[in-house]
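The values are calculated or read from the model by the stated rules, or taken from the named source; none is laboratory data. Everything numeric in this text was worked out from a predicted model, so none of it was measured. With ideal geometry, Cβ positions are generated from the backbone for all residues, glycine too; neighbour counts draw on all protein chains shown. Areas reflect the complete protein model, heavy atoms only, side chains present, ligands, DNA and RNA absent. Shrake-Rupley method; radii C 1.70, N 1.55, O 1.52, S 1.80 Å.
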Amino acid sequence: MKTDQAFIESDNVPWTSVNENISMKLLNGLADSGPYTAILKSEPRPPDPHRGQYHAVGEEFYCLGGLFTFDGTHWFRKGSYVHFPPHYVHGARVHVEQGYLLY
């Protein structure tokens, strides 16, 4: 969804399935090419020690709710913020205890 609008009513943006656990509301840009802004929602899921990933561009998010970890040590909850620089490996020990909602 690409828009020139300055205001988007996010309640009117549909959720799109990313995979069996994660859904996304695309607010700005195109998710498959270039930078974009989205809200991500995940269902709770048990620990997964084999999920490491990295991206060619930086990634950042602000946690709107939930409880989860990407490394088994640092727990994100409402109000948490993170910035992963390009090529930073993260997500190697994912545990989404209470689901999450990220901006």
Going by the conditions given, is LEU26 more than 23 Å from VAL89 (Cα to Cα), surrounded by 15 or more Cβ atoms within 10 Å (Cβ to Cβ) and touching a residue at least 24 places away in the same chain (Cβ under 8 Å)?
yes
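With the requirement that a residue be assigned to a strand (DSSP E or B) and either open to solvent by 80 Å² or more (accessible area, probe 1.4 Å) or among the basic types (Lys, Arg) (or both), what does region 6-23 give you? Give the steps one after another, and end with the answer.
Applying the first criterion (assigned to a strand (DSSP E or B)) to region 6-23 yields 16-17, 22-23.
Answer for region 6-23, where residues must be assigned to a strand (DSSP E or B) and either open to solvent by 80 Å² or more (accessible area, probe 1.4 Å) or among the basic types (Lys, Arg) (or both): just SER17.
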Condition first: in contact with a Leu (Cβ under 8 Å, 6 or more places away or on another chain) and modelled with pLDDT under 95. Now tell me which residues in region 21-35 satisfy that.
ILE22
Go over the candidates PRO47, PRO35 one by one and state the one that is in contact with a Gly (Cβ under 8 Å, 6 or more places away or on another chain), touching a residue at least 40 places away in the same chain (Cβ under 8 Å) and not in a loop (DSSP other than H, G, I, E, B).
PRO47
Mind counting the residues in region 63-103 that are in a strand (DSSP E or B) and surrounded by 13 or more Cβ atoms within 10 Å (Cβ to Cβ)?
23
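Could you pull out the residue among HIS87, HIS83, HIS74, HIS95 that is out of contact with any strand residue (DSSP E or B) (no Cβ under 7 Å at 6 or more places or on another chain) and at negative phi?
On the way: HIS87 fails: at negative phi; HIS83 fails: out of contact with any strand residue (DSSP E or B) (no Cβ under 7 Å at 6 or more places or on another chain); HIS95 fails: out of contact with any strand residue (DSSP E or B) (no Cβ under 7 Å at 6 or more places or on another chain).
Every option except HIS74 fails the conditions.
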